[in-house]
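Structure, as structure tokens:
The values are calculated or read from the model by the stated rules, or taken from the named source; none is laboratory data. Keep in mind that what you see is a predicted model, and the values were worked out from it rather than measured. Every residue, glycine as well, gets a Cβ built from its backbone with ideal geometry; the counts of neighbours run over all protein chains shown.
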Amino acid sequence: MATRDYYQVLGVSQGASDAELKKAYRQLAMQFHPDKNPGDKKSEERFKEVNEAYGVLSDPDKRAHYDRFGSAPGAGAGGGFEGGFGTLFEDIFENFFSGAGGGRRGRSRAMRGEDLQYELKITLEDAAAGLETKIQIPRLERCETCKGTGSEPGTHKTTCDTCQGRGEVRMSHGFLTVARPCPRCGGEGQINKSPCRDCRGEGRRRGEHVLNVKIPPGIDDGMQLRVSGEGSGGVNGGPAGDLYVLVRIREHAIFTRHGIDLLCDLPVSFTQLALGAEVEVPVLNGTETLRIAAGSQPHQVLRLRGKGMPRLRERGHGDACYRLLLEVPQKLSGKQREALEAFEAASREQQRGPLASAFIERMKKLLG
Ligand SMILES: [Zn+2]
Ligand SMILES: [Zn+2]
């Protein structure tokens with residue numbers, strides 16, 4: 001094991017006080033704790049490093065030795081070192097093994113089942129109205145033959161003689177005494193001589209569970225509902241994990257959602273904007289009439305109040321919003337052309353609109 005600079009590992013100066021060391025250690029140990037970083041090898045390594053550094057620097061004798069020689073005292077020369085450090089290490093592994101859900105090798109200890117996630121795709125209409133549906137979840141469930149023990153009914157596990165049921169063996173690595181899971185029993189502390197035939201000694205079996213879930217009106221894409229106790233079954237009598245239903249909302253043909261408002265791009269003609277119009281527009285469940293006032297401008301957004309999405313677990317609805325998209329005809333009939341030319345001729349005598357007037361003012365200024 002290469003020794004890194006212990007002060008660097010903890011991010012403190014060489015003159016750091018005991019309180020500073022403790023504070024740095026706590027912070028780092030929390031940050032890299034395996035429970036918080038399940039399956040992350042790097043964090044696990046950092047966690048061990050941090051513990052190793054603190055184990056040395058928190059002991060005045062070992063720290064003095066380290067400061068003088070740049071290494072921790074060897075296992076033989078350590079004196080009282082082993083006991084103290086072993087305790088620290090054990091504490092860490094205690095936490096490590098009892099980690100929520102992910103515990104790899106418990107000593108026949110009750111372990112909580114894994115949390116599961118289920119992705120449920122729904123339509124925007126369902127999200128608005130709320131939905132009650134059945135979902136089918138594949139999960140590991142407690143084996144009823146052995147009641148989750150993993151042993152054939154009527155038989156018992158025997159204590160592992162390699163580790164005397166402790167589930168771990170201790171090995172010396174230079175100055176470090178490391179507890180490792182027992183290779184014979186895999187850390188269980190017990191040997192299953194007659195594994196349950198139905199679950200092959202796992203205590204759990206693959207199963208499918210049909211569950212009723214209720215999606216509240218107003219749910220948004222990416223929200224999760226927790227269904228407590230409906231994840232995988234626990235091991236050795238531990239509680240089941242939780243099920244998280246991740247709600248995904250399918251893209252809608254007409255609307256995009258902005259919080260509780262719904263937005264729709266509505267193509268309109270120049271005459272509809274100029275003259276005003278009443279048009280039939282889509283809402284989530286049918287159609288409504290939208291009034292476009294005479295003189296409306298392109299990109300203006302008109303609202304139908306209360307026709308948007310419901311607020312989640314609250315009263316009230318958002319709006320349905322219609323952004324006016326001006327569409328200019330790409331081909332004109334003779335009659336249309338005549339009418340437009342007459343319109344243009346008539347427009348010359350008329351006052352310019354505010355946008356055009358402001359633009360011409362700016363141009364005049366620019367050209368002097
Ligand atoms: Zn079984
Ligand atoms: Zn063992």
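Let me confirm something: among Ala342, Ala346, which residue is exposed (fewer than 10 other Cβ atoms within 10 Å of the Cβ), modelled with pLDDT under 95 and either among the aliphatic types (A, V, I, L, M) or part of a helix (DSSP H, G or I) (or both)?
Going through Ala342, Ala346 in turn, the sole match is Ala346.
Which ones in the range 272-331 are of a type in the set (Lys, Arg) and not in a loop (DSSP other than H, G, I, E, B)?
Arg291, Arg303, Arg323
Filter the range 272-300 for residues that are loosely packed, with under 12 Cβ neighbours inside 10 Å and among the β-branched types (Val, Ile, Thr); which is farthest from Gly130 (Cα to Cα)?
Across the range 272-300, the extreme among qualifying residues is Thr289.
The rows are residues; the columns are (1) within 23 Å of the chain's Cα centre (by Cα); (2) under 30 Å from Asp261 (Cβ atoms); (3) of a type in the set (Ser, Thr, Tyr).
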| site | (1), (2), (3) |
| --- | --- |
| Ala129 | no, yes, no |
| Ser151 | no, no, yes |
| Cys163 | no, no, no |
| Pro181 | no, no, no |
| Gly187 | no, no, no |
| Arg197 | no, no, no |
| Gly218 | yes, yes, no |
| Met223 | yes, yes, no |
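What strands (runs of 3 or more DSSP E) lie completely within the range 175-250 and have 2 or more residues being within 25 Å of Gly148 (Cβ to Cβ), more than 16 Å from ligand 1 (Cβ to nearest atom) and not hydrophobic (A, V, I, L, M, F, W, C)?
204-215
So which residues in the range 179-208 are touching a Lys or Arg at 6+ places or on another chain (Cβ under 7 Å) and within 16 Å of ligand 2 (Cβ to nearest atom)?
Scanning the range 179-208 gives Ala179, Pro181, Gly186, Gly187, Glu188, Gly189, Gln190, Ile191, Asn192.
Any idea which of Lys335, Lys307, Lys364 is over 30 Å from His258 (Cβ atoms) and at pLDDT 95 or above?
Lys335
Yes/no matrix, rows are residues, columns are (1) at pLDDT below 85; (2) farther than 30 Å from Arg166 by Cα; (3) acidic (Asp, Glu):
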site: Asp5; (1), (2), (3): no, yes, yes
site: Leu21; (1), (2), (3): no, yes, no
site: Tyr54; (1), (2), (3): no, no, no
site: Arg68; (1), (2), (3): yes, yes, no
site: Gly80; (1), (2), (3): yes, no, no
site: Asp91; (1), (2), (3): yes, no, yes
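Considering (1) free of Cβ contacts under 8 Å to residues at least 40 places away in the same chain; (2) within 30 Å of Asn51 (Cα to Cα); (3) within 16 Å of ligand 1 (Cβ to nearest atom); (4) not charged (D, E, K, R), say which one Cys163 fails and leave the rest.
(3)
Tell me which residues, restricted to the range 161-174, are more than 8 Å from ligand 2 (Cβ to nearest atom) and in a loop (DSSP other than H, G, I, E, B).
Within the range 161-174, just Gly174 meets the criteria.
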